[in-house]
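Written below as structure tokens is the structure these notes are about.
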Amino acid sequence: MSGSHHSSHSKPQNLSGADTSLHAHKKGDAKHSHSKEVSNQNLLFIALILTLGFSGVEGAAAYFANSLALISDAGHMVTDAAALGLALLAQIISRRPPSPKHSFGFGRAEALAAFVNSIVMLALVAWIVFEAISRFYDPHKVDGLTVTVVAGIGLVMNIVVAWVLSRDKKSVNTRAALVHVMGDLLGSVAALIAGVVIQLTGWMPIDAILSILVSLLILKSTISILHESYHFLMEGVPLHIDYLEVGKDLKNIPGVLAVHDLHVWEMTPSFPALIGHIEIANIREWPEIMVRINTMLLDKHGIDHVTLQPEEVGDLHDHDDASESHQSPQSTNVLHDGDTFFVQCSSGDAQHRMAYHAWGDPNNSKVLLCVHGLTRRGSDFKTLAQAMCKDYYVVCPDVVGRGDSDRLSNPMLYAIPQYVADITELVKTLGVSQVDWFGTSMGGLIGMVYAAMPQSPIQRMLINDVGPKIEPEAIKRLGSYVGQPFAFANRADALTRLNQICASFGDHSPKEWEIYNGPMLIQRDGVWIMHYDPNISVPFAAVNPIMAKAGEMAMWHAFKQIHIPMLIVRGGDSDLLSAATVAEMCKVNPHARSIEIPNVGHAPAFVKPEQIALAKEFFS
């Protein structure tokens, strides 16, 4: 998973040297993940066709010639074909995107294939040596002419295959397959020499001797690939990176007091990553410190995937004391189960109340804020909150103008700045200094702005199907129903219509639709209407193209300032968040990773078990 986690602030440690303190785990430490690059599949496919096409011919010739050198070469051919096929399959698998069950993706398939190939190669070497030794005691007659001709053809073919594979030098998987081919090339040379010697002298032991020599020559390369792939699979520090030197350099960065829980590994071959916790004196200095760290790690160590969690020295102790002694006004000794509370907020010169619904233990310092979309309300997250409330105090506000919250007299205040101000007041009321964030659509935009602010309390953020750029098709679709007349005499008819509007959220059962959309409907003056103030559409409708572009630029700027782990979730059929925007978000902010949920538009409702599991995995 890529992300940082509940950060906990801790007191400084006396770190002597660059030793065990770098590995020390403290409260709140966690792990990360990301995606990868893959090698050229075409090279492996070409090599596989050439090798497989010749292996049958050489195998038959080896049988009739009764040559161990040729048999070993034919055996190499067969294992080459299997190795190349396995390598090709591994690269195809490695291209698969991350999923709720495999949040790291499948990049390790390449290293796993290299490891298996090396094991098979060791077994083949052992068999050839054993068979060669046995032939010293029981010599076999060898047809030297057949061996010479077939080995010569095999040598040419192996040279071509080796040249093809040598063009891809980055993939350990391809290099493992190349070891097979180089072994076969040497086998062809040995078989060719053996055939010539037998034709000229009739000395049969040369066949077994050269087989042993070739096997020993390829043994070293095989062991090297085996060691490298094993080291990678065991998440070892990349061989070209000095772990202790990295820790020392981090501590030497101006503003860094100490480093702990430092991990350096490769998520995929040639893709080094680093995570860790950095103790600093002033959290306000963190953006500048992070820039210095990123520059140093990239320039000196070649590490460009970095996730670090800042810890302000001395803050944890104060925060823990506050968490134990301070409770929200509504806190009790019982667990909340969707209970509704209110926080007093300011809007210009006026006051308004924002409602929020809570699940779990109000004394739990781990708080998950779930913020809904443009026309939704906090009840959207009921199913998710019930699943998360054992680990979190889950708080789901009704953004002002929605649900149980007050409506504003000035509709132009229905905008992100007001929403962020209200959430800030809510966090203050809860009495916590750190929160995790789940934001759907508009809730994701609020979260991005809030997370980009100095001293933001957000530690981790799941952004559900929204980004700095909103596609024009989605704006047009939203404009077709937001704030438009909606009134039905019959609740069932109102729910059916609402379900049609929300069809992009995914395929749900009637029971799931009732849980998700039922609270959206309220009865007033004998008719069923939507829960929100129709005037929330006023600022939305007032946006012109110039304002939209300026807003987009501001959101991109804010997004780039965020230095916490982010998971961007996109509905595979979303018309609001394009795949191109997601790719750009991950490109401009190294703290972001993404996952796509198929067969869902804008936006995944997170009422399905597999979607809830995805959220639990990210926030765990």
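The values are calculated or read from the model by the stated rules, or taken from the named source; none is laboratory data. Predicted model only: the values in this text are computed from it and were never measured. Heads up, the Cβs are rebuilt from the backbone with ideal geometry, glycines too, and the neighbour counts pull from every protein chain shown. Accessible surface is based on the protein model in full, side chains and every heavy atom, while ligands, DNA and RNA are left aside. Shrake-Rupley method; radii C 1.70, N 1.55, O 1.52, S 1.80 Å.
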Hits in the stretch 583-619 - residues which are touching a residue at least 60 places away in the same chain (Cβ under 8 Å) and in a loop (DSSP other than H, G, I, E, B)
590, 591, 599, 600, 601, 602, 603, 604, 605, 606, 607, 608
Go through the stretch 567-609 and give me each residue that's surrounded by 23 or more Cβ atoms within 10 Å (Cβ to Cβ), in contact with a helix residue (DSSP H, G or I) (Cβ under 6 Å, 6 or more places away or on another chain) and not small (Gly, Ala, Ser).
567, 568, 570, 576, 602, 604, 606
If residue 206 meets every condition in (1) open to solvent by less than 50 Å² (accessible area, probe 1.4 Å); (2) in a helix (DSSP H, G or I); (3) touching a residue at least 60 places away in the same chain (Cβ under 8 Å) apart from one, which number is that one?
(3)
In the set 536, 564, the lone residue that is crowded, with 21+ Cβ neighbours inside 10 Å and touching a Phe, Trp or Tyr at 6+ places or on another chain (Cβ under 7 Å) is 536
Take the conditions modelled with pLDDT under 90, more than 30 Å from residue 287 (Cβ to Cβ), out of contact with any Lys or Arg (no Cβ under 8 Å at 6 or more places or on another chain) and not acidic (Asp, Glu) and apply them to residue 518. Does it pass?
yes
Of these, 558, 554, 494, 580, which one is outside any loop (DSSP other than H, G, I, E, B), in contact (Cβ under 8 Å) with a residue 12 or more places away in the chain and within 25 Å of residue 445 (Cβ to Cβ)?
558
Mind checking which strands (runs of 3 or more DSSP E) fall wholly inside the stretch 342-432 and carry at least 2 residues that are within 15 Å of residue 519 (Cβ to Cβ) and touching a residue at least 12 places away in the same chain (Cβ under 8 Å)?
350-360, 393-397
Give the number of residues within the stretch 240-281 that are open to solvent by 50 Å² or more (accessible area, probe 1.4 Å), closer than 30 Å to residue 121 by Cα and at pLDDT 80 or above.
1
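So which of 413, 445 ends up being within 25 Å of residue 504 (Cα to Cα) and open to solvent by 20 Å² or more (accessible area, probe 1.4 Å)? First the steps, then the outcome.
Details: 413 fails: within 25 Å of residue 504 (Cα to Cα).
Result of the check over 413, 445: 445.
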Per the list (1) at pLDDT below 75; (2) within 22 Å of residue 202 (Cα to Cα); (3) in a helix (DSSP H, G or I), residue check on residue 139 breaks on (3)
Considering only residues that are open to solvent by 50 Å² or more (accessible area, probe 1.4 Å) and at pLDDT 85 or above, look in the stretch 295-323 and name the one that is nearest to residue 433 (Cα to Cα).
295
For the stretch 248-275, enumerate the residues that are on the phi > 0 side of the Ramachandran plot and among the small types (Gly, Ala, Ser).
255, 270
Could you check the stretch 162-203 and list, in sequence order, the residues that are modelled with pLDDT of 75 or more, under 49 Å from the mean Cα position of the chain (by Cα) and among the β-branched types (Val, Ile, Thr)?
189
Residue under evaluation residue 513, criteria (1) touching a strand residue (DSSP E or B) at 6+ places or on another chain (Cβ under 7 Å); (2) among the aromatic types (Phe, Trp, Tyr); (3) in a helix (DSSP H, G or I), criterion not met
(1)
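In the set 610, 584, which member is acidic (Asp, Glu) and closer than 30 Å to residue 387 by Cβ?
Exactly one of 610, 584 is acidic (Asp, Glu) and closer than 30 Å to residue 387 by Cβ, namely 610.
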Quickly run through the stretch 350-376 and pick out the residues that are surrounded by fewer than 23 Cβ atoms within 10 Å (Cβ to Cβ), closer than 17 Å to residue 401 by Cα and charged (D, E, K, R).
353
Has the stretch 523-543 got at least one residue that is closer than 21 Å to residue 452 by Cβ and among the small types (Gly, Ala, Ser)?
no
Qualifying residue in the stretch 102-119 (condition: over 34 Å from the mean Cα position of the chain (by Cα), modelled with pLDDT of 75 or more and open to solvent by less than 30 Å² (accessible area, probe 1.4 Å)):
no
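Quick check on this structure: which one of 463, 470 is in contact with an Asp or Glu (Cβ under 9 Å, 6 or more places away or on another chain), among the hydrophobic types (A, V, I, L, M, F, W, C) and buried (at least 17 other Cβ atoms within 10 Å of the Cβ)?
Working: 463 fails: in contact with an Asp or Glu (Cβ under 9 Å, 6 or more places away or on another chain).
When all the criteria are applied, what remains is 470.
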Any hit, the stretch 500-509, residues being at pLDDT 90 or above, open to solvent by 60 Å² or more (accessible area, probe 1.4 Å) and not polar (S, T, N, Q)
no
If we keep only residues of the stretch 221-239 that are assigned to a loop (DSSP other than H, G, I, E, B) and not hydrophobic (A, V, I, L, M, F, W, C), then the residue most open to solvent (accessible area, probe 1.4 Å) is 235
